[in-house]
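No lab work stands behind these numbers, since they all come straight from the coordinates. Predicted, not measured: the structure shown is a model, and the values here were computed from it. Backbone-built Cβ (ideal geometry, glycine too); neighbour counts: all protein chains shown.
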Amino acid sequence: MTLDDYILACTDKEPEYLARINRATHLRMINPRMLSGHLQGRVLAMFCNMIQPKCILELGTFTGYSALCMAESLPDNGVLHTIECDDELEDFILANFKSVEHGSKIKLHIGEALKVIETLDCTFDLVFIDADKREYTAYYEAILPKLKTGGFILADNTLWDGKVLKTADENDRQTIEIQHFNSLIATDDRIEKVMLPLRDGLTIIRKK
């Protein structure tokens, strides 16, 4: 047994419907590692159970796995807005949402995240950022005014395969932006923050 196996053995099991989505994603998608997966999915579900958000925003739906994890604890009047730029995923995502009762609390938006955010007249309790790494700072600045005081942002992939410790190639816009985003978050006095070494790095941000 590996350490990762041990961690999963000591964590709640992946619900059966999520296991099906996990498997279908690995069978049908070119880059299935973009899916949050068992451990991070349970972490997201736990955060939502702790925070008890009524309005959630997700940037980067992929196949809907993480959205469904976060929607598990939404109240009857709760809503999760999730934004995906790839319109070819729409049918697959919607089918996954329709397969689960609490999937009805999720509203899928297809389009560029920054443009869609402008149209959302909401105050968010929780935001999960897992979209285009080249836009993390822009996402953050667009979201913060719409986040309630005491609300949370969870930013994924903030360790970026360890590339954050290296001098980025001038053409590597993703690494350059993640490094810039991390530096901004570390020095921003509008927020409290902590980075966790979970999978590829998960930064927890709380608006003061």
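Exactly one residue among D189, D169 is over 28 Å from I51 (Cα atoms) and either part of a loop (DSSP other than H, G, I, E, B) or small (G, A, S) (or both), and that residue is D169. Here P197 passes the criteria (1) over 24 Å from K54 (Cβ atoms); (2) surrounded by 19 or more Cβ atoms within 10 Å (Cβ to Cβ) except the one numbered (2). Given the criteria surrounded by 15 or more Cβ atoms within 10 Å (Cβ to Cβ), among the hydroxyl-bearing types (S, T, Y) and within 22 Å of G151 (Cα to Cα), does T203 qualify? Judged against the criteria, T203 is a match.
Here is a check on your reading of the model: is A155 in a helix (DSSP H, G or I), surrounded by 15 or more Cβ atoms within 10 Å (Cβ to Cβ) and touching a helix residue (DSSP H, G or I) at 6+ places or on another chain (Cβ under 8 Å)? No.
Of the residues L68, L94, L126, L59, only one is under 27 Å from N31 (Cβ atoms), in contact (Cβ under 8 Å) with a residue 12 or more places away in the chain, surrounded by fewer than 19 Cβ atoms within 10 Å (Cβ to Cβ) and hydrophobic (A, V, I, L, M, F, W, C); which? That would be L94, the only listed residue that is under 27 Å from N31 (Cβ atoms), in contact (Cβ under 8 Å) with a residue 12 or more places away in the chain, surrounded by fewer than 19 Cβ atoms within 10 Å (Cβ to Cβ) and hydrophobic (A, V, I, L, M, F, W, C).
Residues in the stretch 177-190 that are β-branched (V, I, T) and surrounded by 17 or more Cβ atoms within 10 Å (Cβ to Cβ) were compared, and the one that is farthest from the chain's Cα centre (by Cα) is I185. Considering the stretch 1-31, the residues that are assigned to a loop (DSSP other than H, G, I, E, B) and hydroxyl-bearing (S, T, Y) include one that is farthest from V43 (Cα to Cα), namely T2.
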